[in-house]
Amino acid sequence: MIRADRETCSILIVENIDDLRAGLAKELNALGHSVTVAGERSEALAIGDQTEFDLLVSDLVNSEPAAGCEAVRSFKMSVTSSQPRRAVTELHEIIEKTLAFKLQRVDTSSPTAVREKIDLELPSDLTLMNSVLEYLVDRVDKLGLVKVEQSNLFVALDEAFVNAVKHGNRNDPVKLLRVTAELSAREAIFTVEDEGEGFDVHEIPDPTDPANLFKSSGRGVLLIYNIMDEVEYSRGGAKLRMVKRPQS
């Protein structure tokens, strides 16, 4: 049932496969939101000012690749509204519905035949991050890239999201968090970037030092380093790149 007092979000879906475009539009319309659809990027650009939309969902599945070329699938979800604070209360259910639809209707390819890229750009709100985290871990699990339960991947991504939202963007929903996942048969690469001032990772107190035993700072970063195969901070600490590879 749609609440009479709810705020309606304006959503743009860009997807060149008819049934997927129509199916997702139906799901989001059922939530009571205003949905505009486009079959191609050029069609979407012709609509006019994209900032009138609160959310953009694009490229659920790329067109069939040419013979002999690797199949590359991409998915992008980003906030386009100039007032993301207003949209946060309703974005949670939109994101959950969109990601659930994608898992059920789109994410069915074999990891050996596909390289997949996922781009998400959302307000700094941990309630939104929970849906994203569960989707990414579920996607990696379904692709069979990493044994999720044994790898502690959930813990590493959760720590990265929490650090970016709380310490990077200071829980400010006006600031965006950008999450990218590049999945292939050989590795999963995750990038988490905030709009904060950054930090020097070398200045974080060593949580293994007995003097810091009761301090919580630094434990998340240490966990990330111990769980992931590669960890790299850039842009003054505001951008984190993590790589996880299948176990031998």
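Going down the table (K142/K175; K175/K244; K76/K175; K166/K244; K76/K239), which pairs top 21 Å between alpha carbons?
Check vs 21 Å cut-off fails for K142/K175; K175/K244; K166/K244.
Just to verify a number: FRET efficiency for T36 and V155, C-beta to C-beta distance, R0 = 35 Å, to 0.05?
0.35
Going by the alpha-carbon gyration tensor, a ≥ b ≥ c the square roots of its eigenvalues, is region 113-244 rounded (a/c under 1.5) or, if a/c is not under 1.5, prolate (a/b greater than b/c) versus oblate?
Judged from the Cα gyration tensor, region 113-244 comes out oblate (a/c at least 1.5, b/c at or above a/b).
Using a 10 Å cut-off around each Cβ, can you sort T8, T180, T98 from fewest to most neighbouring Cβ atoms?
T8, T180, T98
Which of E15, E182, E193 comes first, and how do the rest follow, when ranked by fewest Cβ neighbours within 10 Å?
Working: E15 24, E182 16, E193 19.
The order, fewest Cβ neighbours first, is E182, E193, E15.
What relative contact order, as a whole-number percentage, does region 113-244 give when Cα pairs under 8 Å and 6 or more residues apart are counted?
Answer for region 113-244 is 28 percent.
FYI, it's all coordinate maths here, none of it is from the lab. Keep in mind that what you see is a predicted model, and the values were worked out from it rather than measured. Cβ coordinates were reconstructed from backbone atoms using ideal geometry, including for glycine residues, and neighbour counts include every protein chain displayed.
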